[in-house]
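The values are calculated or read from the model by the stated rules, or taken from the named source; none is laboratory data. Bear in mind that the values here come from a model prediction, so they are computed numbers and not experimental data. No Cβ is skipped: glycine too gets one built from the backbone with ideal geometry, and neighbour counts run over all protein chains shown.
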Amino acid sequence: MTGIGWLQIIVFFAAIVAVTKPLGVYMFRVFESERAPLPRLFGGLERLMYRLSGVDPKREQTWKEYTFALLAFSVFSLVVTYLIQRLQHVLPWNPQHFGAVEHGLAFNTAASFTTNTNWQSYSGESTMSYLTQMAGLAWHNFTSAAAGLGVALALGRGFTRRPGPDGVRTLGSFWVDLIRGIVYVLLPLSIVFALVLIWQGVIQNLSPYLDVVTLEGGKQTIAFGPVASQEAIKQLGTNGGGFFNANAAHPFENPNPFTNFLSLFMIFAIPSALTYTYGRMARDQKHGWALWGAMTILFFAGVSVCYWAEAHGNPALAGLPIEQSIGNMEGKEARFGVSASALYATVTTDASCGAVNAMHDSFTPLGALVPLANIQLSEVVFGGVGAGLYGILMYVVLTVFIAGLMVGRTPEYLGKKVESKEMKLAMLYVLIFPLVVLGFSAWTAVAPYGTSSLNNAGPRGLMEILYAYSSGAGNNGSAYAGLNANTPWYNVSLGIDMLAGRFLMIVPAMGIAGSMLGKKVVPSSSGTFPTNGSTFAVLLVSVIVIVGALTFFPALSLGNIVEHFAALAGKVY
């Protein structure tokens, strides 16, 4: 571990701190003020989209209407993306004449991008046409991120709004939140960052692939495509799906340390700023900072462990004539080194992004434990666009319940009582994730059609399976990369895994939003547990870690932890 390495981490986080307030204020004005900012620049496009889609921007929805609109839109977009893949061989912008994507893979990919997971069981440059990449996948990068924003805003409104005088209980409009999220936030930022990426050398074209002769006399095909535009929204929307199979390790996607820094910044910018937006919605900025503080504690804990583990090299190679003075460089780009790779792995799994600039399967056992543990904490460490905020708010419900038991009174949050209905929904939310992950992992680990796809035996092989289903249900999309997931079993099971991890968890979150919305606000008293300070932030971190540890620690003990001690003994899997 070096001073320069820590400086990279500190400078990155300082940039996130700097953008949190201004972007958070901007998003509050976009979604919560009567008049959105920059109406001359974006207002015309917003109104055009309302007219084309038949949306009345003044009509708000109940939690059931909001949820139904979200689910109906997601089903429609999943079908559209599936059909684009199946028909890409007869559609334009297919210079390499790629054939139709196979049924199982098309379903898996459509489910992946619909859920903001962007798990890829294929090599993008050898499977998907330009039209599929743009109209199917990049389009989802916008809509799935905007949908996540909508759920976070709806849940936030449920906590912060008061019941209407006529008894009407609405949480906003899904269609308005979706359109405004795209028009005012994701689209303009993507245009700006795409231009910066092009300036730095990320390619953007519709040219056919180029066949060249190498210095050794062999032949090589160099893939091209509209990469910069997809790269920008891939990071801003915490999507993670790369144009190329190597993702952000490919020089056409991530050519230098500056673009690497920019990628990290884009991943965290909106999730961090949303905590400030929430503080504005709560009419007390300390509530937003308490959530931000909890996320920050977990982020620095993760990046410290990952950097330490990778900087100390692979213990299984100790004593061999292999140079490890600069740390474990297996699977890492020399352009970025150990510190930037450890930082990237931590950030991309803190958020539900899944983009990678190094191969997680090549990390040391403890270094690889951090990305997996980040996902298994339900990715509430800033998290995905919207998903991080509504995820940590679900843990807030659980935390205030525990705090209420500690002070001996009915738990409250923002003056509203948290009662049995909300607790049942919160526990349902918390239990769905491990049920899906551990259920599919256990099934796959004992089935020949599951284990036949492994690249490693022993604990690392088990972790390849567990990581895949954790990444799917956590809507992350990264992988250990030693697993051949393009098989009928993995395509179907991971597709179901991703859909369950997204929508079965959104429904109870929206149920809590609707339940909390109609509750009266009771004045705070001396017995009220404060939820806007450092004590609450520490308690929130403790609840998140304990729930994650109690749920997944037995499985991790059989995987990364066993592998670490085996490596110390010279045993390699």
- Query: Between residues in segment 409-431 that are of a type in the set (S, T, N, Q) and residues that are not in a helix (DSSP H, G or I), which pairs lie under 8 Å by C-beta distance while being six or more apart or on different chains?
  - Reply: Thr410/Lys417; Thr410/Val418; Thr410/Glu419
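The rows are residues; the columns are (1) at pLDDT 90 or above; (2) out of contact with any strand residue (DSSP E or B) (no Cβ under 7 Å at 6 or more places or on another chain); (3) in a helix (DSSP H, G or I); (4) of a type in the set (Lys, Arg).
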| site | (1), (2), (3), (4) |
| --- | --- |
| Ser352 | no, yes, no, no |
| Val356 | yes, yes, no, no |
| Gly367 | yes, yes, yes, no |
| Pro371 | yes, yes, yes, no |
| Val381 | yes, yes, no, no |
| Tyr390 | yes, yes, yes, no |
| Thr399 | yes, yes, yes, no |
| Ala403 | no, yes, yes, no |
- Item | Which listed residue, of Gly167, Gly237, Gly218, is at pLDDT below 95 and surrounded by 23 or more Cβ atoms within 10 Å (Cβ to Cβ) | Gly237
- Query: Which of the residues spanning segment 426-460 are aromatic (Phe, Trp, Tyr) and surrounded by fewer than 16 Cβ atoms within 10 Å (Cβ to Cβ)?
  - Reply: Trp443, Tyr449
- Name every residue in segment 315-336 that is part of a loop (DSSP other than H, G, I, E, B) and among the small types (Gly, Ala, Ser), in order of residue number. Ala318, Gly319, Ser325, Gly327, Gly331, Ala334
- Task: Go through segment 244-302 and give me each residue that's within 27 Å of Phe31 (Cβ to Cβ) and of a type in the set (Ser, Thr, Tyr).
- Result: Ser263, Ser272, Thr275, Tyr276, Thr277, Tyr278, Thr296
- Out of all the residues in segment 127-158, which are of a type in the set (Phe, Trp, Tyr) and either more than 13 Å from Thr114 (Cβ to Cβ) or touching a strand residue (DSSP E or B) at 6+ places or on another chain (Cβ under 7 Å) (or both)? Tyr130
- Scan segment 239-268 residue by residue and report those that are within 20 Å of Val338 (Cβ to Cβ), of a type in the set (Gly, Ala, Ser) and part of a loop (DSSP other than H, G, I, E, B). Ala246
- Within segment 87-126, how many residues turn out to be assigned to a helix (DSSP H, G or I) and surrounded by fewer than 19 Cβ atoms within 10 Å (Cβ to Cβ)? 5
- Message: Any residue that is polar (S, T, N, Q) and either surrounded by fewer than 24 Cβ atoms within 10 Å (Cβ to Cβ) or without any contact (Cβ under 8 Å) to a residue 60 or more places away in the chain (or both) - is there at least one of those in segment 367-386?
- Response: no
- In segment 443-477, the residues that are hydrophobic (A, V, I, L, M, F, W, C), part of a helix (DSSP H, G or I) and at pLDDT below 90: none
- Task: Scan segment 532-573 for residues that are under 12 Å from Pro365 (Cα atoms) and aromatic (Phe, Trp, Tyr) and jot them down.
- Result: Phe565, Tyr573
- Do we find a residue being surrounded by fewer than 24 Cβ atoms within 10 Å (Cβ to Cβ), on the phi < 0 side of the Ramachandran plot and of a type in the set (S, T, N, Q) anywhere in segment 290-305? yes
- Query: For residues in segment 241-263 being within 12 Å of Glu231 (Cα to Cα) and aliphatic (A, V, I, L, M), which is modelled with the lowest pLDDT?
  - Reply: Ala248
- Query: Condition test on Val176, is it over 18 Å from the mean Cα position of the chain (by Cα), under 19 Å from Glu65 (Cβ atoms) and not basic (Lys, Arg)?
  - Reply: yes
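For (1) in contact with a Ser or Thr (Cβ under 7 Å, 6 or more places away or on another chain); (2) under 30 Å from Ala138 (Cα atoms); (3) among the aliphatic types (A, V, I, L, M), each residue gets a yes or a no:
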{"site": "Arg169", "(1), (2), (3)": "yes, no, no"}
{"site": "Val176", "(1), (2), (3)": "no, yes, yes"}
{"site": "Val202", "(1), (2), (3)": "yes, yes, yes"}
{"site": "Pro208", "(1), (2), (3)": "no, yes, no"}
- Message: Quick check on this structure: which one of Leu78, Leu70, Leu137 is of a type outside the set (D, E, K, R), modelled with pLDDT of 95 or more, in a helix (DSSP H, G or I) and closer than 30 Å to Leu483 by Cα?
- Response: Leu78
- When you look at Ile4, is it more than 17 Å from Leu153 (Cβ to Cβ) and either of a type in the set (Ser, Thr, Tyr) or in contact (Cβ under 8 Å) with a residue 24 or more places away in the chain (or both), yes or no? yes
- Item | Scope segment 27-40; condition in a helix (DSSP H, G or I) and without any contact (Cβ under 8 Å) to a residue 60 or more places away in the chain; matching residues | Arg29, Pro39, Arg40
- Please tell me if Phe243 is crowded, with 21+ Cβ neighbours inside 10 Å, over 24 Å from Gly367 (Cα atoms) and in contact with a helix residue (DSSP H, G or I) (Cβ under 8 Å, 6 or more places away or on another chain). yes
- Query: With respect to Val151, is the statement that it is surrounded by 22 or more Cβ atoms within 10 Å (Cβ to Cβ), β-branched (Val, Ile, Thr) and modelled with pLDDT of 95 or more true?
  - Reply: yes
- Only one of Tyr480, Tyr490 that is at negative phi, in a helix (DSSP H, G or I) and not aliphatic (A, V, I, L, M): Tyr490
- Message: Between His312, His360, which is over 29 Å from Phe113 (Cα atoms) and either in contact (Cβ under 8 Å) with a residue 12 or more places away in the chain or more than 18 Å from the chain's Cα centre (by Cα) (or both)?
- Response: His312
- In segment 278-300, how many are out of contact with any Leu (no Cβ under 9 Å at 6 or more places or on another chain) and of a type in the set (Ser, Thr, Tyr)? 1
- Output the residue which, of all residues in segment 406-425 that are more than 24 Å from the chain's Cα centre (by Cα) and hydrophobic (A, V, I, L, M, F, W, C), is surrounded by the most Cβ atoms within 10 Å (Cβ to Cβ). Val418
